[in-house]
Structures are given as structure tokens and as C-alpha cells.
1. Filter region 185-209 for residues that are in contact with a Gly (Cβ under 9 Å, 6 or more places away or on another chain) and charged (D, E, K, R); which is farthest from residue 246 (Cα to Cα)?
2. Please go through region 1-45 and pick out each residue that is more than 23 Å from residue 116 (Cα to Cα) and not charged (D, E, K, R).
3. Being surrounded by 15 or more Cβ atoms within 10 Å (Cβ to Cβ), in a helix (DSSP H, G or I) and free of Cβ contacts under 8 Å to residues at least 40 places away in the same chain is the filter; apply it to region 203-225 and report the residue that is nearest to the chain's Cα centre (by Cα).
4. Looking at region 62-74, can you tell me whether even one residue there is farther than 28 Å from residue 6 by Cα and polar (S, T, N, Q)?
5. Would you please list the contacts, defined by Cβ atoms under 6 Å and residues six or more apart or on different chains, that run from a residue in region 119-148 that is more than 22 Å from residue 172 (Cβ to Cβ) to a residue that is modelled with pLDDT under 95 and part of a loop (DSSP other than H, G, I, E, B)?
6. In region 164-184, which residues are more than 15 Å from the chain's Cα centre (by Cα) and either farther than 16 Å from residue 131 by Cβ or not acidic (Asp, Glu) (or both)?
7. Only residues that are in a loop (DSSP other than H, G, I, E, B), out of contact with any helix residue (DSSP H, G or I) (no Cβ under 7 Å at 6 or more places or on another chain) and either buried (at least 23 other Cβ atoms within 10 Å of the Cβ) or among the aliphatic types (A, V, I, L, M) (or both): list them for region 1-47, please.
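The values are calculated or read from the model by the stated rules, or taken from the named source; none is laboratory data. All values reported here derive from a predicted model rather than from experimental measurement. All Cβ positions, even for glycine, are placed from backbone atoms using ideal geometry, and neighbour counts span all protein chains on display.
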Amino acid sequence: MKDKIVLVTGGSSGIGKACALAFSRSGATVTIVADINQEGLDQTVSEMAGQGLSIRLDVSKPDQVEKMVNEVVKKYGRIDYAVNNAGVEGQLASTTDCSEENWDKVLSINLKGIWLCMKYEIPQMLKQKSGSIVNMSSVLGLVGLPGYPAYVASKHGVVGLTKTAALEYAQTGIRINAICPGAVRTPLMNRMITDNPGLISEEILVSLEPIGRVATPEEVADAAVWLCSSNSSYVTGIALPLDGGLTAR
């Protein structure tokens, strides 16, 4: 990671924060964290020993994403690795009860946001003739779950988008992969439990995982670091299940 410039979206908490800190610990020269939550961004950067830069943005807004990439390139000259992680869970509702507002919000952030990030990250990586991108999907990008049609659709979309982009740029020096975490102990998981008492609990989530526990954000971050590093130099276009064996059933 020495001399590498890393961009992580959704870096104010959870998996994004863990990724930012993991790249920093691995020796990245600068890790840029981007999120809509400025207070969380400031906290993440404060834990990175001067190696971090925060940028506040909404990943669903093309002008803000373009500005973010331009700002990073202007300041540091390149983007070596990008972890496109920003996302929301949305509201619990069946397919017929899911509101249009919820559908649009979840798809706009979780899927359009990742597409926009790649839309502006890839041209810079093409100029460099190198780069690695990790898009954060979910185990729900591989299987379904009743009650979260928008979230499941968005995360399946991330997997398809990742595979398509990986094929398009496979011979340019750019690798693009996705991670599909199962239950991870994050603020997002805590919100799902708090907002749906009696329907979702940690016990229920643990029971779905053959390994018998939920993951830590750091375990996901380690996978992101590996996928960006030269240790995975022949890996592109995968949707890596990090799910404690859930999809092995």
C-alpha cells in the first residue's frame, strides 16, 4: 500500500470506516473518506494519524461525485484504489407495500451511487493504466430476503454492474470486484434491529450464519484491502461471499 492513494465512500461508520482504517494501517499514503455524515467523517479521519482527508457528499448526485474525484486527483494526482461502499438499508416492506419513495432512495444511493463513482473513477484509472475498485454489495446481492425488495434489487444490481465493468476494462490494468457480506455488526445492522422489533434480532441473524456469529467490519475491510492489493492481481469480476457459509447451503 506504500505510496497508494485510496478513496473510500461511506467512510463515516461501519464497513466504510473499517476499510479506511485498514488501508491506513496497511501503509497507504493517503486514504480519502467520503460520506454525507460530516461528524462521522471527522471521527474517522481523527483515527488515521494524519493520513486521511474527508469529503462530504451525496453519492447519488453526479455533480458531487465528479467534484470529489476531481478534488482528489487535483490534490494527489491519482486514485490507485477505490472502495465504493456508501449505502442504506431502506424500509422493511413487502414488494407490493414498498413505497416508490423508498425504492427510489435505496436504488439511487446503493446502485446509482456506485455507478456514478465508477463513471468518474475509471477515466482517471485509464489515464494511469492501473487501478483496483471494490464495490460493496451484500449476501443479498446473491440471494433474496422477504421484506427488503429495494435493498435486494440494488445489491443484485451492484453484482451485475461490477461484472460488466470488470469485463469492459479487463485489459486496461483496472480490476473491479465486489464483496458480498452477510450480517455484519454495524450501525446499519443495529438500525434494522431497532426499527423492526420482533421481526429482526441479532439472534435471528446469527441463526442464518452457519459459522454461528455475525462478522466484524474489520473482516470485511481485510477482504477489501486484499482485493485492491497486488496479492489478488489475477482476480477481477468476482462477487466474493463473505457470509459465514450462508450461501453454501
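1. Among them, the one singled out is 185.
2. First, pick out the residues of region 1-45 that are more than 23 Å from residue 116 (Cα to Cα): 1-3, 21-22, 24-29, 39, 42-45.
Passing the criteria: 1, 21, 22, 24, 26, 27, 28, 29, 43, 44, 45.
3. 219
4. From region 62-74, those farther than 28 Å from residue 6 by Cα are none; that's our starting set.
So far as region 62-74 goes, no, none of its residues is farther than 28 Å from residue 6 by Cα and polar (S, T, N, Q).
5. 139/182; 147/92
6. Initially, region 164-184 is screened for residues more than 15 Å from the chain's Cα centre (by Cα), giving 164-175.
Selection gives 164, 165, 166, 167, 169, 170, 171, 172, 173, 174, 175.
7. Step one: of region 1-47, the residues in a loop (DSSP other than H, G, I, E, B) are 1, 3-4, 10-13, 26-27, 29, 36-37, 47.
Now drop any that are not out of contact with any helix residue (DSSP H, G or I) (no Cβ under 7 Å at 6 or more places or on another chain), which leaves 3-4, 27, 29, 36-37.
Hit for region 1-47 is 36, nothing else.
Yes/no matrix, rows are residues, columns are (1) over 19 Å from residue 206 (Cα atoms); (2) not in a helix (DSSP H, G or I):
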| residue | (1), (2) |
| --- | --- |
| 133 | yes, yes |
| 145 | no, yes |
| 156 | yes, no |
| 164 | yes, no |
| 176 | yes, yes |
